[in-house]
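Data first, discussion second: the structure below is written as structure tokens.
The values are calculated or read from the model by the stated rules, or taken from the named source; none is laboratory data. Remember, it's a predicted structure, so these values are computed and weren't measured experimentally. In this analysis, Cβ positions are derived from the backbone assuming ideal geometry, glycine residues included, and neighbour counts consider all displayed protein chains.
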Amino acid sequence: MVSGRLVVAVVLVVAAAGVGALLIGLQPAQPPQTNTTTTKTETTQTPATTQPSSQNIVSLTLYLNDYGYNASRGGPTITAYVGDIIRIRLIGNSTGPIVHDFVLDEKSPSPYNVKSNRLSRGQTQVIEFTANIPGEFKYYCSVAPPAGPSHRDRGQEGVIRILEK
């Protein structure tokens, strides 16, 4: 009988040790973790003139149409102040295989060197630059076929004004 009690006692000690180990190893429940993503909101502006924002970011969308921007001959006037960040979302919106781009460079003429990719229908690109030199410059499409007038010669250009604060 002594040996039976010894077996029961050993079993109880082992069981208690196991339960104790489980209790020590338990962690308080953690709330499920979620991934948070911050998305910047872009403002699409289609009027002829975009106004500078109070947050020093001028954000707009330009649709690159056949020989114009935003379904117009030419393009809208973009207005910003020195120090503003200009963020332009470009969307290819031409017909057929025609591609277009956005260029603001020495041929504008301007001191800026901004050039997008050539975009076909449905392609998008966001370009961004700091307006650090005041003046009035022309942005344009630099696509030129092997024969005939370039897109700029056909009227695909607009004005960007950088004003002093």
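Key figures for this structure:
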item	result
Residues (outside any loop (DSSP other than H, G, I, E, B) and acidic (Asp, Glu)) located in region 108-155	GLU128, GLU136
Matching residues, region 66-97, being farther than 20 Å from ILE162 by Cβ, in contact (Cβ under 8 Å) with a residue 40 or more places away in the chain, of a type outside the set (Phe, Trp, Tyr) and surrounded by 15 or more Cβ atoms within 10 Å (Cβ to Cβ)	GLY68
Candidate set from region 105-124 (those that are closer than 22 Å to PRO145 by Cβ and not charged (D, E, K, R)); member that is surrounded by the fewest Cβ atoms within 10 Å (Cβ to Cβ)	GLY122
Selection count where residues are under 14 Å from TYR139 (Cβ atoms) and at pLDDT below 95, scope region 50-63	1
